[in-house]
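Readers should treat all values here as calculations from the given coordinates under stated rules, not as data from a laboratory. From a predicted model like this one, the values you see are computed outputs, not experimental measurements. Don't worry about glycine lacking a Cβ; one is built from the backbone with ideal geometry, like all the others, and counts go over all protein chains shown.
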Amino acid sequence: MQDNVLVIKDIVKTYGGTTALKNVQLTVKRGTVHALLGENGAGKSTLIKTLAGAIQPDSGTIEYDGKVYNGLDPKQALELGIGVVYQEFSLIPYLTVADNVFLGNEPVKGITLNSKEYYAKTKEVFNMLGIYIDPKAQVKDLSVAYQQMVEIAKTVSKKVKLLILDEPTAALSDSEVAALFGLIRRLKSQGVSIIYISHRMEELDEIADEVTILRDGEYVDTLQVASCTKEMLITKMVGRELGKHFPSGHFRTDKVVLRVKDLKNKYIKNVSFELHEGEILGFGGLVGAGRTEVARAIFGADYSTGEIEIMGRPVQINCPRDAIRSGIAFITENRKTEGLIMTQNIRENITISSLKKMVLGRLGINRKYEVKVAQEYADKLKTKCAGIEYLVSSLSGGNQQKVVLAKWLLTESKIIIFDEPTRGIDIGVKQEIYQIIKNLAKEGIAIIMISSEMPELIGISDRILVMNSGKIAGEFNAECCSQQQILEIALPEKIS
C-alpha cells in the first residue's frame with residue numbers, strides 16, 4: 001500500500017483575469033492529519049472544492065490512491081471516499097439525526113423505509129466515532145458541536161478515506177473542541193487521512209502531523225508541525241513579520257454612553273452594566289452562556305424587559321430599527337446570513353442601512369454619490385476586491401467582515417457591538433480588525449466585544465464581564481486578569 005493517499009501537482013485555476021491557484025502542490029500521507037494554512041484569499045477553499053469535484057482545475061493532476069486524475073466531479077469524489085465538512089453546515093434542521101446522516105441513501109425494505117435498520121445503522125456510525133447522539137433527535141435541538149458531529153457522521157457514513165474539515169472549531173467551546181479532537185484521533189487510528197483547515201494555529205501542535213502553507217494562491221512550504229513555531233508559520237503565511245499582536249491604548253472616559261438595567265428574557269437574567277465613551281467592554285463566557293443573547297436584546301432582535309439608557313436618556317428598543325435610530329450597530333457572529341445579503345454587490349451591502357443619506361430630493365437614490373461613499377468606506381477599511389460592483393459572495397471571509405463593518409460605520413453609530421468579529425479570519429486580517437476597533441474607541445465610539453478566544457478578549461478589551469448561565473458572573477480589568485480566572489467563573493457549576 002502506498003504511503004501517500006493524495007498527491008496534488010501543479011494545480012492551476014483562474015477566473016477571468018484572476019488566478020486563484022497557481023501551480024499548487026499538496027501531499028497527504030495515509031492515516032495522518034495534514035493542516036492547510038493561509039490567509040483569507042490564499043486559495044484554500046478553491047483547493048478543497050477542487051478535491052470535492054465542485055471545481056474543475058485548468059491544469060495539473062490529482063493523484064489519489066495511486067491513480068492519476070486531471071480533475072474530479074462530485075459523484076466521483078464521493079465514490080473515491082473524499083468527504084468535505086464545510087464551515088457552513090448542510091444539515092436540514094427539522095429532520096432527525098438519522099434523516100440527515102443517511103439523506104439520499106436510506107436503507108429500505110421493498111418500497112418503504114426500514115426503520116429498524118435505519119436507526120441501527122445510525123447508531124453504528126456514531127459507535128464507530130465513539131460518540132452518542134440520539135438518532136431520533138431533531139437536528140435543530142442539538143448544540144452547534146453536536147450538529148458538527150452529525151455533519152462528520154454524514155460524511156463518514158459514506159466510507160470516507162480522506163476527510164476535509166474546514167474551520168471545524170470556529171463555533172465551538174474549549175470542551176467541545178476537545179471532543180472534536182478525540183473524534184479526529186479515532187478516525188486517524190482507523191486509517192482515515194484528514195486535511196484540517198484552521199486559523200487557530202495553537203491547535204496544530206495538538207492535532208496535526210504536517211502543515212502546508214499557501215499564500216496568494218501559491219504553494220509556499222510543507223513542514224513537520226513538531227519542527228516549526230507559530231511565528232515561523234505566520235511569517236510564511238503573510239510574507240512578512242507581524243508586529244505586536246494586539247494594538248495598545250486605552251481611551252475610556254468617565255462619560256456613560258449606555259446603561260443597561262435588569263435586562264431579561266428567557267435566555268438572560270437581570271443583566272445590568274454600564275458602557276463608557278471610548279471603552280472596549282469585553283463579554284466572555286462559554287458558548288451558550290448568554291453573551292450573544294444580551295447583544296440581541298440590546299439591539300431589539302429578541303424580546304426583553306428591563307431599562308436601557310443612551311446618553312442618559314431612557315430609550316425603548318422594540319426592534320433593530322429602533323436600535324439603529326438610537327445609534328447602536330450590531331456586527332453579528334454570522335455575517336453570511338445576518339450581516340450581508342450575499343446575492344447583492346459590495347456597494348449595495350455597504351449602503352443598505354443608510355439609504356436615506358443617498359436620496360437626492362424626489363429623484364430617489366443618488367447613484368453617483370452612493371458609489372462615491374461605498375468606495376470611500378471600502379478603501380478606508382482596505383477591502384480587497386476587484387470592484388464594489390462585484391457580488392459580496394466573491395470576497396474572502398475577512399473582506400466580507402470589512403463590508404459588514406463599513407455598512408455600520410456609514411450609519412455613524414456611537415455604540416458598536418462586535419459578536420465574534422474575527423471568527424474564520426486569518427491572522428493578518430485579525431490584526432487589521434483589532435486596529436480598526438482600537439481606532440474606533442480612540443474616536444470616542446463605545447464598543448461591546450464578544451469573543452470565545454480568551455487571548456483576544458483579554459488583549460483587546462479594557463474591561464471584561466463574564467457571563468454564566470444567562471447572568472453576569474464576574475467583572476475583570478483586562479490588564480490584570482488571566483484566562484484561568486475567567487474560566488473559573490465561566491464554568492456553569494460556579495454560579496447558583
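Overall, the chain carries a charge dipole of about 1160 debye about its Cα centre when +1 sits on the Cβ of Lys and Arg and -1 on the Cβ of Asp and Glu, all other atoms neutral. With the biggest extent put first, the Cα atoms of segment 4-238 measure 52, 37, 31 Å across the principal axes. With a threshold of 18 Å on the Cα-Cα distance, the over-threshold entries among 382/430; 236/382; 380/407 are 236/382.
Grouping the Cα pair distances of segment 299-378 into 10 Å bins from zero gives a pair-distance distribution of 15, 37, 32, 16, 1 percent in increasing distance order. Taking 16 Å as the straight-line reach from the Cα of residue 121, the lysines in range (excluding those fewer than 8 positions away in the same chain) are 109, 136, 154, 158, 159. Within a Cβ distance under 13 Å of residue 305, other residues only, what is the Lys/Arg minus Asp/Glu net charge? With Lys, Arg at +1 and Asp, Glu at -1, the neighbours total +1.
Of the residues 223, 187, 55, the one whose Cα sits farthest towards the positive end of the charge dipole of the chain is 55 (charges of +1 on Lys and Arg Cβ, -1 on Asp and Glu Cβ, taken about the Cα centre). Residues whose amide H comes within less than 5 Å of that of residue 35, counting only those at least five positions distant or on another chain, are 196, 209, 210, 211, 212 (H built at 1.01 Å from N in the peptide plane).
Listed peptides 441-447, 402-408, 477-483 appear in the order 402-408, 441-447, 477-483 once ranked by packing, highest mean of other Cβ atoms within 10 Å at the front. Across segment 4-238, the relative contact order, built from alpha-carbon pairs under 8 Å that are at least six residues apart, equals 29 percent. Site pair residue 264 and residue 391 shows an inter-label distance of 4.7 nm when each label is modelled 7 Å from Cα along Cα→Cβ. A simple rule links phi to the HN-Hα coupling: the Karplus curve 6.51 cos²θ - 1.76 cosθ + 1.60 with θ = phi - 60°, which for segment 306-323 gives x, 10, 10, 10, 10, 6, x, 10, x, 10, 10, 10, 9, 7, x, 4, 4, 5 Hz, with x for Gly and Pro. Taking Cβ atoms as reference points and 10 Å as the exclusive limit, the residues near residue 81 contribute a net charge of +1, counting Lys and Arg as +1 and Asp and Glu as -1. Of the peptides 154-162, 43-51, the order by per-residue mean of other Cβ atoms within 10 Å, starting with the highest, comes out as 43-51, 154-162. In units of the rule-of-thumb radius 2.2 N^0.38 Å, segment 241-322 shows an alpha carbon radius of gyration of 1.27. Computed from point charges on the beta carbon alone (+1 for Lys and Arg, -1 for Asp and Glu), the dipole magnitude for segment 8-130 about its Cα centre is near 180 Debye.
Beta bridges assigned by DSSP with both partners in the chain are antiparallel in approximately 55 percent of cases.
For segment 421-496 versus segment 139-197, the spacing of their alpha-carbon centroids is 27 Å. Amide H contacts under 5 Å for residue 276: 257, restricted to partners 5 or more places along the chain or on a different chain, H placed in the peptide plane at 1.01 Å from N.
Residue ranges 247-254, 115-122, 145-152 sort as 145-152, 115-122, 247-254 when ordered by packing (mean number of other C-beta atoms within 10 Å per residue, highest first). Rounded to two decimals, the Cα-based Rg/Rh of segment 256-494, with Kirkwood Rh, is 0.98.
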